Amino acid sequence: MKLETYIQSLVKKEIVPGISLLVGQQGEILHSSWHGFRSLTPEKEPLEPDTIYDLASLTKPLVTAFLAVYLREKTGLDLHSPVKAFFPDFTRPVTWMHLLTHTSGLPAWYPFYLFTGEDFPAITFIHRLNPRHRPGEKVVYSCVGYMLLRRMIEKVTGQEFQKTAQEIIFQRLALKNTFFSVPVERIHQTAPTEKGNLHEKNMCRKNFGRRAAEFAWREMIIRGQVHDANSFYFGGCAGNAGLFSTTADLFKISREFFPETSTILSPESIRLFWTDCIGGGSSRRTVGFKLNSSFLSSGGTSFSRQAIGHNGFTGTSIWLEPQTLSTWIILSNRIHPSVQPIQFNRIRRKLHRLSKREFVGK
């Protein structure tokens, strides 16, 4: 099956509104395509090459982890230093590295916005959450951990997280279509996501009953606003999500994770993104990324075990292959207009196989 035929079948079956895909190698874009629709409701809009997507959890490696490594290189920050060194009220023996590799023991998710109003959750509030494991004991993917990292980065820099990202990453790479807050005049270019936060609302109803029922949830089609509720209610970015971008801008960012093409970090720092910090197992983690340790991952058999990647809940993913300096970017708003129970990793794996066969294996 051809790549284009497969994507068109996904669109026809309404599994996704549309898909933008980019394959690059050694600084060259080998393939860039867009098929389907940017929006399905209230009106159908065709997908365009400059469509801006909510990248969801791609924010974690591409911005939050990147800034932590940047601070290590430029300020001498010790990534093995404890949270307590920056926030004395946080007494658990959790380090930056635990947070960056999802081994802190903090829970995967928590709706802080139900309890803390407009203020970003206090460190003491995060500290009170029941730990799932001892620090370093086990990998538990945690949005909460990356929310804490945002606070710590702000503590080190003395300024807002978004401003640091703008100065260190967006401006230096001359990114014109990458934002934490999409300008009003650019919202029409963004791919909408869910109608309201129904998926998260249902999660909260199940676990928090009355608080969830009384909360003022968004009800409209979410467009130009981050889908993740913690990020939305805490200023547009909470360290775990909030980044918006295009395939072309993401390709520029991806080159900063290869020692051969990085312009911001040293090769020694870049190695942290490629080095297994866990020591084996089925969920090998580097700083910010997942190694392709299982062929059930979204990378699948298309990539080596040395490849690194990350997914985003909205339908996004990025994979980097070190041997060939290759980048695979898949962007979709698969949760528009609602979240469906589909195995999207299976779709990602097939997109990788087909695109590698057609554009890299020649």
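Laboratory data are not the source of any read-out in this text; all were calculated from the coordinates shown. Worth saying up front: this structure is predicted, and the values here are computed from it rather than measured. We place every Cβ from the backbone using ideal geometry, glycine too, and count neighbours over all the protein chains shown.
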### Task
Specify which residue in the list 254, 283, 208 is farthest towards the positive end of the charge dipole of segment 177-313, using unit charges on the beta carbon of Lys, Arg (+1) and Asp, Glu (-1), about the Cα centre.
208
### Message
Need one word for segment 1-98: rounded, prolate or oblate. Basis is the Cα gyration tensor (sqrt eigenvalues a ≥ b ≥ c); a/c below 1.5 gives rounded, then a/b vs b/c decides.
### Response
prolate
### Message
Going by average Cβ density within 10 Å per residue, which order do the peptides 43-55, 90-102 take, highest to lowest?
### Response
90-102, 43-55
### Query
Say the dipole of segment 14-107 comes from +1 at the beta carbon of Lys and Arg and -1 at that of Asp and Glu; which of 42, 104, 66 then lies farthest toward its positive end?
104
### Query
Hey, can you rank 5-17, 217-229, 310-322 by average C-beta count inside 10 Å, highest first?
310-322, 217-229, 5-17
### Message
Please compute the modelled spin-label separation between residue 205 and residue 73, points set 7 Å along Cα→Cβ, answer in nm with one decimal.
### Response
4.7
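Quick check for me: using +1 on Lys/Arg Cβ and -1 on Asp/Glu Cβ, what's the dipole size of segment 104-163 about its Cα centre, in debye to the nearest 20?
The calculated dipole for segment 104-163 is roughly 240 debye.
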### Query
Counting DSSP beta bridges in the chain, what percent are antiparallel, to the nearest 5?
95
### Message
If the only charges are +1 at each Lys and Arg Cβ and -1 at each Asp and Glu Cβ, what is the size of the charge dipole of segment 260-362 around the Cα centre, to the nearest 20 debye?
### Response
480
### Nonlocal amide H pairs with residue 310, under 5 Å, H built at 1.01 Å
318
### Query
Helix-derived [θ] at 222 nm for the chain: sum -39500 (n - 2.57) over DSSP H runs of at least 4, divide by residue count, nearest 500?
-7500 deg cm²/dmol
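Taking 0.36 nm per residue of separation and subtracting the Cα-Cα distance, what length does fully extending residue 1 through residue 213 add? All intermediate terms of the calculation are to be shown ahead of the outcome.
Details: separation 212, 0.36 × 212 = 76.32 nm, distance 4.69 nm.
Here the segment from residue 1 to residue 213 would lengthen by 71.6 nm.
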### Query
Straight-line reach from residue 252: which aspartates and glutamates have Cα under 13 Å away, leaving out those fewer than 8 places along the same chain?
28
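Is segment 243-345 best put as rounded, prolate or oblate by its Cα gyration tensor, with a ≥ b ≥ c the root eigenvalues, rounded for a/c under 1.5, and otherwise prolate when a/b is larger than b/c, oblate when not?
The shape class here is oblate.
Hey, got the dipole for the chain? About the Cα centre, +1 on K and R Cβ, -1 on D and E Cβ, debye to the nearest 20?
Dipole of the chain, to the nearest 20 debye: 1120 debye.
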### Query
Taking the chain as a Gaussian network, where each spring joins two C-alpha atoms under 10 Å apart, which residue of 208, 234, 303 fluctuates the most?
208
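Using Cβ contacts closer than 10 Å as the measure, can you line up 1, 152, 203 from fewest to most?
Placing the least packed residue first, the sequence is 1, 203, 152.
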#### Entry: Distance (nanometres) between label positions extended 7 Å along Cα→Cβ at residue 84 and residue 138
2.4
### Query
By the gyration tensor of its Cα atoms, with a ≥ b ≥ c the square roots of the eigenvalues, what is the shape of segment 106-257: rounded for a/c under 1.5, prolate for a/b over b/c, or oblate?
oblate
